[in-house]
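Undergrad: Sending over a structure as structure tokens; questions will come in a sec.
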Amino acid sequence: MAVYKIIVTGPFNSGKTEFIKTISEIPVILTEKNITTEDRGIKAETTVAMDFGRITIGDDTLHLFGTPGQTRFSFMWEILAKEMHGFIVLVDATDRPSFPEAAELVKQFSSFVDVPHLIVSNKTDLEGAAMLDQVRSETASHEDEEVMACVATEKDKVIAVLEKMIELVK
Ligand SMILES: Nc1nc2c(ncn2[C@@H]2O[C@H](COP(=O)(O)OP(=O)(O)OP(=O)(O)O)[C@@H](O)[C@H]2O)c(=O)[nH]1
Ligand SMILES: [Mg+2]
């Protein structure tokens, strides 16, 4: 029985909060506030500090910490990353302009703590989603890096990502 701290990061609106809400076995602690910037055309609320959820898979318990996506709350990133065992970078596959930012997050979180990570191409259910190879070539630091497809609203897809994460951190 192990407990792992896993960070779920990614650009604004990539689905981090949704991912944790879909899977958590406890009510998720949310810090969503009304959006006051030009991003408010995209959705009403954004994460300003963190999400927290928990899920037990087999013998392992994952503590899932979602980060804010808006860069003005980036001061939270390093605080949340403390003592993490691994991190997930969620990418909105329909938002190609956000891919360089996702690549930057991979580098940044790797520099906080040297732990395994997984790049996850999210919203692959939507029309216009980029192919997995395209997401990989624009976000991963090397060609054979693991990139998984996901739909954060679907429990089985989120579980598959977390099982892979457990495999990587063990
Ligand atoms: N169709 C579809 N919609 C999704 C998926 N994942 C998230 N969404 C939707 O995308 C929007 C953004 O999701 P959030 O979970 O708020 O994204 P976030 O990454 O937490 O956003 P910030 O905290 O503001 O950076 C919401 O309307 C979600 O319901 C997905 O896999 N498919
Ligand atoms: Mg959020």
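The values are calculated or read from the model by the stated rules, or taken from the named source; none is laboratory data. Computed from a predicted structure; not experimentally measured. Here Cβ is always computed from backbone atoms with ideal geometry, including for glycine, and neighbour counts include all displayed protein chains. For the accessible areas, the whole protein counts, side chains as well, though only heavy atoms, and no ligand, DNA or RNA atoms are used. Shrake-Rupley method; radii C 1.70, N 1.55, O 1.52, S 1.80 Å.
Undergrad: Tell me, please, whether a residue that is aromatic (Phe, Trp, Tyr), within 15 Å of ligand 1 (Cβ to nearest atom), outside any strand (DSSP E or B) and surrounded by 14 or more Cβ atoms within 10 Å (Cβ to Cβ) can be found in the stretch 5-12.
TA: yes
Undergrad: Mind counting the residues in the stretch 50-64 that are surrounded by 18 or more Cβ atoms within 10 Å (Cβ to Cβ) and either in a loop (DSSP other than H, G, I, E, B) or within 10 Å of ligand 1 (Cβ to nearest atom) (or both)?
TA: Residues meeting the conditions: 2.
Undergrad: Give the stretch 39-56 a look and list any residue that's under 11 Å from residue 12 (Cβ atoms) and either more than 12 Å from ligand 2 (Cβ to nearest atom) or not polar (S, T, N, Q) (or both), or say none.
TA: 39, 42, 43
Undergrad: Let me ask another. All but one of (1) away from ligand 1 (no atom under 12 Å from the Cβ); (2) touching a helix residue (DSSP H, G or I) at 6+ places or on another chain (Cβ under 8 Å); (3) aliphatic (A, V, I, L, M) hold for residue 1, so report the exception by its number.
TA: Among (1) away from ligand 1 (no atom under 12 Å from the Cβ); (2) touching a helix residue (DSSP H, G or I) at 6+ places or on another chain (Cβ under 8 Å); (3) aliphatic (A, V, I, L, M), residue 1 violates only (2).
Undergrad: Checking the condition surrounded by 15 or more Cβ atoms within 10 Å (Cβ to Cβ), over 28 Å from residue 58 (Cα atoms) and out of contact with any His (no Cβ under 9 Å at 6 or more places or on another chain), which residue from 125, 92 passes?
TA: 92
Undergrad: Identify all residues within the stretch 20-38 that are within 14 Å of ligand 2 (Cβ to nearest atom), in a loop (DSSP other than H, G, I, E, B) and either open to solvent by 50 Å² or more (accessible area, probe 1.4 Å) or among the hydroxyl-bearing types (Ser, Thr, Tyr) (or both); write none if there are none.
TA: Matches in the stretch 20-38: 24, 30, 31.
Undergrad: Looking only at the stretch 22-38, filter to residues that are out of contact with any strand residue (DSSP E or B) (no Cβ under 7 Å at 6 or more places or on another chain) and modelled with pLDDT of 95 or more; which one of those is farthest from residue 11 (Cα to Cα)?
TA: Per the stated criteria, the residue is 27.
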